[in-house]
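The values are calculated or read from the model by the stated rules, or taken from the named source; none is laboratory data. The structure presented is a predicted model; accordingly, all values stated were derived computationally and were not measured. So basically every Cβ, Gly included, is an ideal-geometry build from the backbone, and we count neighbours across all protein chains shown.
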Amino acid sequence: MKRKNSKVSVILATYNEKENIGAMVANLYKTIAPPLEVIVVDDASPDHTAEIVEGLDFPDLILIRRKCRGLASAFNRGIIESSGDIICWLDADLCMPVTTLCEMIELLDHHHMVIGSRYAKGGSDNREFLRVISSRFINGFARIMLGTGIKDMDSGFIAIRREVLNHISLIPFGHGEYFIELVYDAWKTGLRIHEVGFAFKSRKAGKSKSRPTLWVFFQKGAHYIFRIIRLVSIHK
């Protein structure tokens, strides 16, 4: 179970988040009780996101500069560098509420993994129409094929106990596909997983890393479907 005063590690993967990163980091330190470390993994942002992080004055704020890019690999690097008993990660664009993350952390008293969910009770997805449709399609397909009953399998918003890493590992490849594999492996292992609904909104500042176009929809959708089918074949 989560010990009182457990150290929390929060990982933020960034690429061109200069408009959001300062407020995001400040919000984490304002809202989450210490001991807390925040690890920003920046993928060589040309907008000088890393320089902004360097100018922030918070205890245990760690900046990792990478010359490569990749969402899953950035989170994986942050996990490797983390020291907390509890590990969390979420988007750095202020679209996922830190207050919900606090609730998720508290629920680790009774669960191994807590997911911030757009589709659980109290959740909603308030982004562009194409993004909502594509996400609902992928999650519906994943539920049918994998049978987990988990409503939001590509959320990317999570809190886990560190001990979870003794049972599963994050495959450092892909965008949201890695999250589906992570959650499925945890479910197959018998870990206790809980979902907390939250209102997901479009970013107010900065540019998204994946523009909502038909080409992106089909290209990324194909990758998601392939990896879901691969999971089914591996675990037959």
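Restricting to the stretch 52-71, and then to whatever is modelled with pLDDT of 95 or more and in contact with a Pro (Cβ under 8 Å, 6 or more places away or on another chain), can you tell me which residue is nearest to residue 176 (Cα to Cα)?
Filtering first and then ranking leaves 60.
Can we say residue 8 is among the β-branched types (Val, Ile, Thr), touching a Gly at 6+ places or on another chain (Cβ under 7 Å) and either under 23 Å from residue 105 (Cβ atoms) or at pLDDT below 95 (or both)?
Against the criterion (among the β-branched types (Val, Ile, Thr), touching a Gly at 6+ places or on another chain (Cβ under 7 Å) and either under 23 Å from residue 105 (Cβ atoms) or at pLDDT below 95 (or both)), residue 8 qualifies.
Is it fair to say residue 130 is under 24 Å from residue 85 (Cα atoms), part of a helix (DSSP H, G or I) and not charged (D, E, K, R)?
The answer is no for residue 130.
Give the residues of the stretch 20-68 that are within 15 Å of residue 93 (Cβ to Cβ) and in a loop (DSSP other than H, G, I, E, B), sorted by residue number.
20, 43, 45, 47
For residue 85, which of the numbered conditions (1) farther than 20 Å from residue 114 by Cα; (2) acidic (Asp, Glu); (3) surrounded by 15 or more Cβ atoms within 10 Å (Cβ to Cβ) fails to hold?
Failing condition for residue 85: (1).
For the stretch 63-112, enumerate the residues that are β-branched (Val, Ile, Thr) and more than 16 Å from the chain's Cα centre (by Cα).
Result: 64, single match.
Regarding the stretch 107-117, can at least one residue be identified that is in contact with a strand residue (DSSP E or B) (Cβ under 9 Å, 6 or more places away or on another chain), within 17 Å of residue 162 (Cα to Cα) and assigned to a helix (DSSP H, G or I)?
Yes - at least one qualifying residue is present in the stretch 107-117.
So, in the stretch 165-190, exactly how many residues are buried (at least 21 other Cβ atoms within 10 Å of the Cβ) and closer than 19 Å to residue 105 by Cα?
4
Please verify whether the stretch 92-101 includes one or more residues that are assigned to a helix (DSSP H, G or I) and modelled with pLDDT under 95.
Within the stretch 92-101 (the criterion being assigned to a helix (DSSP H, G or I) and modelled with pLDDT under 95), the answer is no, since none of the residues qualifies.
So, in the stretch 178-227, how many residues would count as being at pLDDT 80 or above, of a type outside the set (Phe, Trp, Tyr) and in contact with an Asp or Glu (Cβ under 8 Å, 6 or more places away or on another chain)?
Summing the residues that are at pLDDT 80 or above, of a type outside the set (Phe, Trp, Tyr) and in contact with an Asp or Glu (Cβ under 8 Å, 6 or more places away or on another chain) in the stretch 178-227 gives 5.
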